[in-house]
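Presented below is the structure to which this report refers.
Nothing in this text is a laboratory measurement; each read-out follows from the coordinates by a stated rule. Treat the numbers as computed from the prediction; the structure is a model and nothing was measured. Note that each Cβ is placed from the backbone with ideal geometry, even for glycine, and that neighbours are counted across all protein chains shown.
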Amino acid sequence: MKYLKIITGSLLIGLLFCAFFNIKAQNINAIKVSKESAKTSIKSYEKYIDENNDKHLKEFLALVSIPSISSIPSNKPDVINTAAWIVNKLNSIGISNAKQLATDGNPVVFASWDKAPGKPTVLIYGHYDVQPVKESEWDNPPFSPIIKDGKIYGRGASDDKSGVITSICAIEAMLKTDGKLPVNVKFLFEGEEEIGSPNFKKFLENNKALLKTDFAVTGDDIQESETVPAITLSLRGAAQLEFSVKTANTDAHSGQFGGKTPNAVLAMSQIISSLYDKVGNVAVAGFYNKVLPITTAQKEMAKRIHYDPATDMKMLGTTAEVGDTSYTALERIWYRPTLEIIGVQGGYTAAEGHSNIIPSHAMARITCRLVNNQNGQEIVDLIVKHINKNCPVGATVSFKYKSGYAAPMQYPTDTRGYQYVSDALTEIYGNQPLQMATGGSGGAMLSFKETLGVYAYSLGFEMPDEKWHASNEYFRLSSFRKGQKVYCYFLQHLADEENKLKK
């Protein structure tokens, strides 16, 4: 009996081992089948992408040609026309419910494909508004885009009309090839990102049911290079302020009144100078009070990124790198706040001529990039207090408050959403994505988490050297093609993996 029990026990253990390894083998095979399914699908989508490339490039040029500058009121009709163009494009690919939805500012474009019952929903975000331009600094008119040397040049070509058109064309490839999508998809394209998304959170709050989603991605983000993908895990916030200095009711003759009449431009220069200490840190009392120390993990993430200051200096034509040397350059950009003077105006500044005056008025604009604990309104209040305290005798100062504050944002890496994006980038680029932070801001990203309860992970294809916000902005055509493939793989892979979780 003793030996019988031993034999029976051994057989039972053996059967359990076989069952375990069989289940494990089945799981491995399921993973392989899932990946092969996505890879097989990509080949058919890639065929459609290549066959329709010329048509899509013409559409890309048409989209970039509309001057949808959200910060200039006179461009409001262009902003509306851009939203209408996107609606028409979405309708043309078979998404018949595309429409403009009103906000307290510029409209949001919304569309959905919801014919996959029981499947997860993915929300794709982007923005169609762009920055202002200085046309004299462009080699080609910024809203007459051209294709040259494998790049499309024009304002918004990279930031962020590339994110809008790339995601739409990818969905088009899937719909036209398969007649359906493997998941439900919602599009949400904003028209006020470049002014801090002042009305976006309220829009989300008013439309929670319409925008309910399981996953979200943003097309307004970057890749490290053409061969190295990246996922952004940290964004800085932003706050804006404009102030003016007045020293007289009118400009004065510099000979008749010079030496005794206060000069508005000089007063402005003194105020600006007071905003910084000798090493370039912000001298506004309380500016750094709520800034948390950089963590060990954040320092390690920055160390993993190859950074060559000479590359940036060559790209920008600068001759020095400035900032607090107790932090590395990437630490300063990613995790430290800034106060930048982004524009100054005063006196006679025409391209030609020389007017001998004592200026009576001057104006300056400020943008702050904020981190972790900082609050935009609190920072603006501190700056206003500092300027009032440091306003020279004989000058008065007034303030124009810019609406909207973008909050800082941190992303986790232990979510399925992160993993699916990482898998898709790895598959198409052939390399695992770098985990990165960015010095830029995305006012909408925190609103997604706070209002819809999801993180919008980065799935954009801009690159750091593409001159966003500057003259001669461009976007690589290779990224346009690759980005469509990533979206197609991402949606198919997500569908396959979520399907397995239900079994």
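Hey, can you grab everything whose amide H is under 5 Å from the amide H of D220? Only 5+ residues off in sequence or another chain; H modelled, so Pro and N-termini drop out.
L459
Helix 161-178: angle to the longest alpha-carbon principal axis of the chain, degrees 0 to 90, nearest 10?
20 degrees
If I stretch the segment between N140 and S44 completely, what's the gain in nm (0.36 nm per residue apart, minus their alpha carbon distance), one decimal? Mind dumping the intermediate values first?
Numbers: separation 96, 0.36 × 96 = 34.56 nm, distance 3.68 nm.
Length gained between N140 and S44: 30.9 nm.
Taking Cα centroids, how far is the stretch 54-81 from the stretch 461-487 in Å?
About 17 Å separates the Cα centre of the stretch 54-81 from the one of the stretch 461-487.
Within the stretch 312-350, find all residues whose amide N lies under 18 Å from a label point positioned 7 Å from the Cα of V279 along Cα-to-beta-carbon.
321-339
Sum up the charges of everything whose Cβ sits under 11 Å from the Cβ of S398, counting Lys and Arg as +1 and Asp and Glu as -1, but leave S398 out.
Values: positive: K246, K400; negative: E242.
For residues surrounding S398, the net value is +1.
Given the pairs K76/K186; K161/K246; K151/K186, which are separated by over 32 angstrom at their Cα positions? Walk me through the numbers before you get to the answer.
Numbers: K76/K186 25 Å; K161/K246 40 Å; K151/K186 29 Å.
Violating the 32 Å Cα-Cα cut-off are K161/K246.
What distance in nm lies between label points placed 7 Å from Cα along the C-beta direction at K502 and K260?
With each label placed 7 Å out from Cα toward Cβ, I get 8.7 nm.
First obtain the Kirkwood hydrodynamic radius of the stretch 413-503 from its Cα pairs, then insert it into the Stokes-Einstein equation at 37 °C and 0.692 mPa s, and state the resulting D in µm² per second as a whole number.
Working: Rh = 15.1 Å.
Answer from the Stokes-Einstein relation: 218 µm²/s.
Summing +1 for each Lys or Arg and -1 for each Asp or Glu, what net charge is found among the other residues whose Cβ lies under 15 Å from the Cβ of K134? Working shown, then result.
Values: positive: R155, R365, K467; negative: E135, E137, D139, E473.
So the environment of K134 carries a net charge of -1.
Under 18 Å Cα-Cα from K502, which lysines qualify once same-chain neighbours fewer than 8 residues away are excluded?
K24, K32, K35, K119
Just need the Rg to Rh number for the stretch 122-176, please, alpha carbons only, Kirkwood Rh. Write down the numbers at each step before the final one.
Values: Rg = 13.5 Å, Rh = 12.7 Å.
For the stretch 122-176, the value is 1.06.
What is the gain in length, in nm to one decimal, between I272 and K180 on full extension, counting 0.36 nm per residue of separation less the C-alpha to C-alpha distance? Show your work: numbers first, answer last.
Values: separation 92, 0.36 × 92 = 33.12 nm, distance 5.74 nm.
Stretched fully, the I272-K180 segment lengthens by 27.4 nm.
Hey, got a sec? Which trypsin sites (Lys or Arg not before Pro) in the stretch 273-352 land in a DSSP loop and have at most 11 other Cβ atoms within 10 Å? Walk me through the numbers on the way to the answer.
Values: sites: K278, K290, K299, K303, R304, K314, R332; in loops: K278, K290, R304.
Passing sites in the stretch 273-352 are K278, R304.
Using label points projected 7 Å from each Cα along Cα→Cβ, tell me how many nm separate A116 and S74, to one decimal.
So the label points at A116 and S74 sit 4.6 nm apart.
Using just the alpha carbons, could you tell me how many Å³ per residue the convex hull of the stretch 296-374 encloses? Walk me through the numbers on the way to the answer.
Working: hull volume 11.7 nm³, N = 79.
For the stretch 296-374, the hull spanned by Cα atoms encloses 148 Å³ per residue.
What is the angle, in °, between the Cα long axis of helix 376-389 and the longest principal axis of the Cα atoms in the chain? Nearest 10 is fine, range 0 to 90.
It is inclined by approximately 20 degrees.
Hey, got the Cα dimensions of the stretch 269-339 along the principal axes, in Å, largest first?
Cα spread of the stretch 269-339 along its principal axes, largest to smallest: 39, 32, 14 Å.
By counting other Cβ atoms within 10 Å of each Cβ, how are F215, F200, F143 ranked from fewest to most? Working shown, then result.
Working: F215 23, F200 26, F143 19.
With the fewest neighbours first, F215, F200, F143 line up as F143, F215, F200.
Determine ³J(HN,Hα), in whole Hz, for all residues of the stretch 193-199 in sequence, where each value follows from phi through the Karplus function 6.51 cos²θ - 1.76 cosθ + 1.60 and θ = phi - 60°; x replaces Gly and Pro.
Coupling constants for the stretch 193-199: 4, 6, 10, x, 6, x, 10 Hz.
Just for the chain, what percent of DSSP beta bridges are antiparallel, to the closest 5?
Values: 44 of 65 bridges.
Roughly 70 percent of the beta bridges in the chain run antiparallel, per DSSP.
Taking the Cα of A470, stepping 7 Å toward and past its beta carbon, and measuring to each backbone N in the stretch 299-334: which are under 16 Å?
308-322
What does the net charge come to around Y474 if you take all other residues with beta carbon closer than 11 Å to its beta carbon, with K and R at +1 and D and E at -1? Write down the numbers at each step before the final one.
Values: positive: K148, K151, R155, K467, R476; negative: D139, D149, D159, E462, D465, E466, E473.
Local net charge: -2.
How much length is gained on full extension from Y288 to Y401, taking 0.36 nm per residue of separation minus their Cα-Cα distance?
Details: separation 113, 0.36 × 113 = 40.68 nm, distance 2.13 nm.
In short, 38.6 nm is gained.
What list of whole percents do you get for P(r) of the chain, with Cα-Cα distances grouped in 20 Å bins up to the one holding the largest distance?
In order of increasing distance, the bins hold 20, 49, 22, 6, 1, 0, 0 percent.
Extending each Cα 7 Å along its Cβ direction at H306 and N388, get the distance between those two points in nm, one decimal.
Roughly 5.2 nm, to one decimal.
Out of residues 5 or more away from Y276 or on other chains, whose amide H comes under 5 Å of its own, with H placed 1.01 Å from N in the peptide plane?
For Y276, the qualifying residues are A283.
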